[in-house]
1. Can you confirm whether residue 228 is part of a strand (DSSP E or B), more than 30 Å from residue 300 (Cα to Cα) and modelled with pLDDT under 85?
2. How about the range 298-320: which of its residues are in contact with a Pro (Cβ under 7 Å, 6 or more places away or on another chain) and in a loop (DSSP other than H, G, I, E, B)?
3. Can you find a residue that is surrounded by 16 or more Cβ atoms within 10 Å (Cβ to Cβ), acidic (Asp, Glu) and part of a strand (DSSP E or B) anywhere in the range 280-288?
4. Filter the range 96-134 for residues that are under 24 Å from the mean Cα position of the chain (by Cα), at pLDDT 60 or above and not aliphatic (A, V, I, L, M) and give the result.
5. From the list 356, 345, exactly one residue is in contact (Cβ under 8 Å) with a residue 60 or more places away in the chain, within 20 Å of residue 99 (Cβ to Cβ), surrounded by 23 or more Cβ atoms within 10 Å (Cβ to Cβ) and out of contact with any His (no Cβ under 6 Å at 6 or more places or on another chain). Which is it?
6. Can you tell me which condition residue 93 does not meet? The list is (1) at pLDDT below 85; (2) hydroxyl-bearing (Ser, Thr, Tyr); (3) under 22 Å from residue 179 (Cβ atoms), and all the others hold.
Amino acid sequence: MISLRLIGPTVASAMMLMAAGPSFGNNLTPASQAPSEWEFRLTPYAWLLNLNGDVTARGITSDVDATFGDLVDKSDSLMAFTGLFEARRGRFSLFADVAWADLSFSGSGTRQAGGGRAGNPLNRVPKFNAALDANLKVNGRSELDYESTIIQSGATYEVANWSNANSHTALDLLGGARYWKQEVDMAVDVSGSVTAQLSGNATVNARDLVRRVLVANGLKPELRKVKIATRIAEKKGISPKNRTKTLERTLEIEFERALASANSGDMEWVDPFVGARVRHEFGGGQLLTLVADVGGFGAGSDFSWQTIATYAFDVNCFGAPINTVVGYRALAVDYSEDGAFGDNGIDLIEHGPILGFNLRW
């Protein structure tokens, strides 16, 4: 359903905070000199997100192109509760990373939501005697709320290192699993037409009929500002042999500016991932780290990937050194699932600058 495009300006994507975790370290000790005791690192950080791609809820897909400024303007929170923890001993380390965000932004797109339904899609509605042909179209801009929780954990192992008098470089392999919980709530403008074949003494309220058609297509309507036009396209009486008369009418309803919401519900899955990390220490507490991983492989998402680059250095703050981390991260994922009213899914790239600091003991 979704081709990898999801977010922002750059090469962004992959899986959010997993491999990046260990990359936030600031000291690089050759494995041959590494202490036998465990070392621990906690890194709180901020991720200034940009989003690009598309999201889908109940079969309605909306294109997304939101900058950090857009998110600041509309969101209640920006990537709150983000942090990395790493425990290292010699060549081996364990890490865990948690990221949570509740974002609001605008999207756009056009999609047929319930095109050309023959028969009566409301046959479960009691006391409704009509055959319907409903044609719905989602037009223009949409407003979206996107809640994302990503929990990553895994391990790294140093497989090679190179040193000289002024620098040290190490290569780590890494792997682990990433848990995703995503939810999309989309508010859209819907327009369309409903043709009702009425017989006997059936009576219909046009506004109520539009509402029921939207509900039957999995949408939650708000019709206070909807514009509705109705007309009788055909009217005829039939005289059967028993001389009773049945009146048949064709009622055509056109509507626009119907606001409706579509919710994907909780989408949860777990992705395996593998990757590599290069750490290069210049000395004096300066460390450059490059990380890349790929995952999903159809086990959870169809595919995901991540790239990250960070630079750690000491900053003197009121006489105390603080190991500061700056960098850039990109995460992409392509996931979809079948729902009762159509596909749900995300095809996003989340990317942007990161800023944090290291606490070590």
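1. No, not satisfied.
2. The one that is in contact with a Pro (Cβ under 7 Å, 6 or more places away or on another chain) and in a loop (DSSP other than H, G, I, E, B): 299.
3. yes
4. 97, 100, 102, 104, 105, 106, 107, 108, 109, 110, 111
5. 345
6. (1)
The values are calculated or read from the model by the stated rules, or taken from the named source; none is laboratory data. Small disclaimer: the values here were computed from a predicted structure and weren't measured. Backbone-built Cβ (ideal geometry, glycine too); neighbour counts: all protein chains shown.
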